[in-house]
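Each remark here refers to the structure printed beneath this line.
The values are calculated or read from the model by the stated rules, or taken from the named source; none is laboratory data. Bear in mind the structure is a predicted one, so any value in this text is a computation, not a measurement. We place every Cβ from the backbone using ideal geometry, glycine too, and count neighbours over all the protein chains shown.
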Amino acid sequence: MIKKAAVIVGGAFGDEGKGKMISYLCKKDKPDIVVRGGVGPNAGHTVIAKGKRYGTRQVPSGFPNENARLLIGAGVLVNPEVLLGEVEKLKEFNVNSRLGVDYRCTIIEEEHKKRDSKSAYLREKVMTTGTGCGPANEDRVKRIAKRAEDIPELKKYLADVSLEVNCAIDSGKNVLIEGTQGLSLSVYYGTYPYVTSKDTSSSAILSDVGIGPTKVSEVIVVFKSYLSRVGGGYLEGEISDEEIKKSEIWKKIHELERGTVTGRQRRVAKFNFKLAKNSVMINGATQIALTCLDLLFPECSKITDYEKLSGDAKKYMKNIEKKLGVPVTLISTGPELESTIDRRKPEKFN
């Protein structure tokens, strides 16, 4: 029987903890291929592996699974300096021999970064990361951008990712597709104009890696137990400085919330059901992964058995499931991979 792929995407403003959940799935389910879609190096995933914390912006978050092929889809922007730097940083995971970059990936050049930083509108209003992604996507649309096949340093990594992924699925292999950012940062469905430079929905991620929707069995949407946002744009229900000062829980959350790429302070808010329902609808979610439960409910830190969670935490999650109509199957109770509650069926995501 032909197996199908699973795609995991962010449900809100990015920074939902996708890196942790992707790494967990890679360790638990041992996919043969982990392929990255999304925008480019303007999004970072934080992964804890071998007792160390790693922030990746180009290499797929599934790198700790040393038996998996690591691929970057054609829709992803590539900064060769960032990518090769990560390959070197992750050499103990043998990334160098496992990485494949689609030859059609658009390249971010230094000129793109300069255009990004010189734009007062992008820098001061939209508050972009300044990584050159917007200008690079602009040049891709104009058909004047360089591609990975034009960069000698990337020659050894070039691959036809869509062909490789489709052949893998058709031969019964397990494939995990990871997205970046979150739906609320989609240029179509997000809080325009405070968005990234392309769509970030599950459909767009599939397009980025070159597979059709009939080859996906599960769409896992990741939400934090609360909301956080870095940069500009409206954040409904944002916790004020005064509220943060009065609450030990929100004070701790606020102290921990900084962007992976920029290090900027993230703003925080309570879980937003209207936003989440829209994200579940557009992404076609079949499962929800809920992260940072231990920050909102400190008594649940590092718990791995659902039945041992506090009554308040269980009530909180049941309310989310009821209002969104999608099961919460994965729950993160700490940054470590082992601090995860897995409520999925035995067949996992295939």
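The table below gives the values:
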item: Residue match in region 97-105 (condition: assigned to a helix (DSSP H, G or I) and either modelled with pLDDT of 95 or more or out of contact with any helix residue (DSSP H, G or I) (no Cβ under 7 Å at 6 or more places or on another chain) (or both)); result: yes
item: Test for SER202: is it more than 30 Å from LYS251 (Cα to Cα) and polar (S, T, N, Q); result: yes
item: Residue check, LEU337 surrounded by fewer than 20 Cβ atoms within 10 Å (Cβ to Cβ), among the aliphatic types (A, V, I, L, M) and farther than 30 Å from THR214 by Cβ; result: yes
item: Candidates SER225, SER203, SER240, filtered to the one that is surrounded by 13 or more Cβ atoms within 10 Å (Cβ to Cβ), out of contact with any Leu (no Cβ under 9 Å at 6 or more places or on another chain) and among the small types (Gly, Ala, Ser); result: SER203
item: Leading residue by the ranking (surrounded by the most Cβ atoms within 10 Å (Cβ to Cβ)) among those in region 66-89 that are touching a strand residue (DSSP E or B) at 6+ places or on another chain (Cβ under 7 Å) and part of a loop (DSSP other than H, G, I, E, B); result: VAL76
item: Output for region 307-350, where each listed residue is under 22 Å from CYS26 (Cβ atoms) and aromatic (Phe, Trp, Tyr); result: PHE349
item: Hits in region 51-65 - residues which are buried (at least 20 other Cβ atoms within 10 Å of the Cβ) and outside any loop (DSSP other than H, G, I, E, B); result: TYR54, THR56
item: Count of region 1-50 residues which are crowded, with 24+ Cβ neighbours inside 10 Å and of a type in the set (S, T, N, Q); result: 2
item: Any helices (runs of 4 or more DSSP H) falling wholly within region 164-273 and containing at least 2 residues that are under 22 Å from VAL47 (Cβ atoms); result: 202-209, 248-256
item: Test for ILE331: is it of a type outside the set (S, T, N, Q) and out of contact with any helix residue (DSSP H, G or I) (no Cβ under 6 Å at 6 or more places or on another chain); result: no
